[in-house]
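Just so you know, all these numbers are worked out from the coordinates, no wet-lab data involved. All values reported here derive from a predicted model rather than from experimental measurement. Don't worry about glycine lacking a Cβ; one is built from the backbone with ideal geometry, like all the others, and counts go over all protein chains shown.
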Amino acid sequence: MTELGPVAWPPAPIRTERLVLREPEARDRAAIIELFTSPEVGTYIGGPQPRDEFERAVPEVPRRRPGLFVVDLDGAMIGIVTLDRRDAERPGHVRPDAAEAELGYMFLPEAWGCGYATEACAAALDWFAGALPSEPVVLCTQTANDRSMRLAAKLGFTEVERFEEYGAEQWFGVWSSVTPSG
Ligand SMILES: CC(C)(COP(=O)(O)OP(=O)(O)OC[C@H]1O[C@@H](n2cnc3c(N)ncnc32)[C@H](O)[C@@H]1OP(=O)(O)O)[C@@H](O)C(=O)NCCC(=O)NCCS
């Protein structure tokens with residue numbers, strides 16, 4: 001995974017009906033540690049990070065980078081949405097030069113089941129479509145990850161292929177802001 005480029009970063013905070021997508025702040029540190037060390041969150045994404053080690057590694061102000069949005073509900077972080085460049089050597093590509101923009105999302109379990117992930121990801125995709133018009137976005141998720149599979153469908157991703165990776169079946173889909181003509 002490499003950082004998203006070429007985009008002007010950071011954009012102004014993105015406001016949706018209930019949420020704000022913004023850069024990480026010092027006050028998000030505890031929620032970020034919670035997110036990455038939660039066994040529930042880690043179930044289909046390689047497991048949780050070891051808490052002690054992870055806590056030591058997260059700086060006072062969690063690292064900011066192009067493509068990383070903290071999702072804020074009433075001033076508190078409930079999850080993150082990311083847009084990165086997919087590594088060329090991994091399976092799953094829709095462009096001859098690889099390096100597609102790839103959507104990722106992780107939310108704290110107490111924020112599941114409210115439509116927040118749909119709302120935040122749709123806003124991030126909308127921002128992306130404005131920043132890099134006509135570029136597709138890809139998404140890869142384990143087929144066993146029901147919540148993530150439903151989210152991908154709601155966002156308008158369509159299946160390209162399925163393959164095995166990390167010992168599990170993966171669903172690989174694509175989204176485009178350009179409506180196909182004809
Ligand atoms: C994947 C993940 C983000 C999905 O979260 P989620 O809360 O299920 O996703 P959504 O925002 O789409 O919410 C949908 C649910 O909210 C409900 N909902 C309630 N109010 C709603 C509203 N106002 N608008 C929309 N949906 C609403 C929907 O009915 C749906 O419930 P259901 O799943 O019981 O049918 C979350 O499970 C997660 O963080 N998982 C761990 C990390 C992970 O695996 N990431 C995938 C990496 S590929």
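Summary of values
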read-out	value
Sorted by Cβ neighbour density within 10 Å, fewest at the top, the residues F36, F157, F163	F163, F36, F157
Radius of gyration and Dmax over the Cα atoms of the chain, both given in Å	15.9, 55
Which of P50, S177, P62, positive extreme of dipole for the chain (C-beta unit charges)	S177
Span-like helix ranges in the chain, DSSP H, alpha carbon extent 20 angstrom or more, Kyte mean at least 0.0	116-131
Cα centre as origin, Lys/Arg/Asp/Glu Cβ charges: the chain dipole, Debye	300
Selection from T82, F128, G104 lying farthest towards where the dipole of the chain points positive, charges on Cβ	F128
Segment A98-R65, length gained on full extension (0.36 nm per residue, minus Cα span)	9.8 nm
